[in-house]
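The values are calculated or read from the model by the stated rules, or taken from the named source; none is laboratory data. Just so we're clear, the structure is a prediction, and the values are computed from it rather than from any experiment. Quick reminder, even Gly has a Cβ in these numbers, built from the backbone with ideal geometry, and neighbours come from all protein chains shown.
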Amino acid sequence: MNCEVAQERIVAATYGELGDELVHELEEHMTGCPECRKEREQMVALKVLADAYPVAEPEANLVARSRLRLEEALDALPPLRWYERITRRVAGGFTGLLAAPLAACLVLVAGVGAGSLGEYEMARLHAARATTAAATAPSSGVQVLSAPVADPVTGAEIAGVLNVVRQPDSGQVEVQYNQLVPRRISGSASDPAIRQLLVLASQNSNSTGVRDKSVDLLAAECRTGRNCREAGIRDALLVALKYDRNAGVRQKALKGLEPYVAQDVLVRDAVLEALMSDSDTKIRNTAISILEPVEADTSVRQVLHSVADTDENPYIRTVSRKVLSQVPEIQ
């Protein structure tokens, strides 16, 4: 497989649309191709950001309202005089040969116009919601909601996550985030609105504390056996493990990914990468312990052998050799 084919398949694999047999071929190619591995990492990071900021859909009756307005505008036009109608027919006969390219241009112009009208309607509705929210907000400037909310949380309306608080002995999570005014939403960590905010919070570059708390909660969701793939939680943890500057956040992300290491190749590769290149010894040691259940895997054995023989850290070399000594050699 060449890199061009591999990079086409990376997109399908990232969105779960590639067959198992093709995924295996892709993984074999990426084992020896750093460029394609980097392409996959970037695609996973892009998917996480795209999932965190969903596209806002216009109202279902927008087209109907637009058609009514167009009909009203056409009805308001004065009727053509008899000589104007004749002139138009004659002119239409001479321009018939040019109809096809002109029609294409008109379709393009009509599409741009419809898009502009849709953006105007969305902006008008958004402004109306903002006015209502500001009028009903408490005097402290913070609005408190209970999930699920009537107006669902969307990434396009969120300026940033301010704080994440776990309520003691209740299983509830409170997330404070900026919208048009600071707001709070309370609910279980398994609530879709809470999960979406936690995924956003895990990418908060301005606050290590917010990232730490959100990744801790997302990791706990995965460790308890809840589905972390559909909600984008697994991908958010992968991004945190690979790119977060704080070792504590990376450590929590690593523990959250542990349940997936046996059956998920992307997770296994991320853990192997952490073992080989993370700057924190504690994270590397945790990666080794997480990989023990799949230590018979060929890629895992290769990395452990490499680390055991050449790593600069004597402790990591010792632990790797110990793990390898417990696995019988493949005949």
Scan segment 1-19 and report the pairs whose first residue is farther than 18 Å from LEU46 by Cα and touching a residue at least 24 places away in the same chain (Cβ under 8 Å) and whose second residue is assigned to a helix (DSSP H, G or I) and hydrophobic (A, V, I, L, M, F, W, C), with Cβ atoms within less than 6 Å and a gap of 6+ or a chain change. CYS3/CYS36
Return the pair list, or none, for Cβ contacts closer than 7 Å from residues in segment 176-190 that are β-branched (Val, Ile, Thr) to residues that are modelled with pLDDT under 85 and surrounded by fewer than 17 Cβ atoms within 10 Å (Cβ to Cβ), at least 6 apart or on different chains. VAL181/ALA133; VAL181/ALA134; VAL181/ALA137; VAL181/GLY141; ILE185/LEU145; ILE185/VAL149
Inside segment 305-328, the number of residues satisfying the requirement of being of a type outside the set (D, E, K, R), at pLDDT 85 or above and either surrounded by 13 or more Cβ atoms within 10 Å (Cβ to Cβ) or under 10 Å from LEU272 (Cβ atoms) (or both) is 8
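Would a scan of segment 269-282 turn up a residue that is of a type in the set (Lys, Arg), closer than 27 Å to LEU46 by Cβ and under 29 Å from the mean Cα position of the chain (by Cα)?
First, pick out the residues of segment 269-282 that are of a type in the set (Lys, Arg): 282.
Checking the rest, the ones that are also closer than 27 Å to LEU46 by Cβ come to none.
Within segment 269-282, not a single residue is of a type in the set (Lys, Arg), closer than 27 Å to LEU46 by Cβ and under 29 Å from the mean Cα position of the chain (by Cα).
Taking segment 265-285 as the region of interest, how many residues are of a type in the set (Lys, Arg) and either crowded, with 21+ Cβ neighbours inside 10 Å or within 20 Å of GLU25 (Cβ to Cβ) (or both)? Explain how you work it out, then say what you get.
To start, the set of residues in segment 265-285 that are of a type in the set (Lys, Arg) comprises 268, 282, 284.
Going one step further and asking which of them are either crowded, with 21+ Cβ neighbours inside 10 Å or within 20 Å of GLU25 (Cβ to Cβ) (or both), we end up with 268, 284.
So the count comes out to 2.
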Residue hits (segment 213-260; touching a strand residue (DSSP E or B) at 6+ places or on another chain (Cβ under 7 Å) and of a type in the set (Ser, Thr, Tyr)) are SER214
For ASN204, the lone unmet condition from (1) of a type outside the set (A, V, I, L, M); (2) closer than 14 Å to VAL173 by Cβ; (3) touching a strand residue (DSSP E or B) at 6+ places or on another chain (Cβ under 8 Å) is (2)
Determine which single condition VAL199 fails, assuming it passes every other condition in (1) within 30 Å of SER299 (Cβ to Cβ); (2) in a loop (DSSP other than H, G, I, E, B). (2)
Among the residues of segment 48-58, are any farther than 30 Å from LEU272 by Cβ, surrounded by fewer than 10 Cβ atoms within 10 Å (Cβ to Cβ) and at pLDDT below 60? no
Please go through segment 286-298 and give me each residue that is crowded, with 16+ Cβ neighbours inside 10 Å and polar (S, T, N, Q), ordered by number. THR286
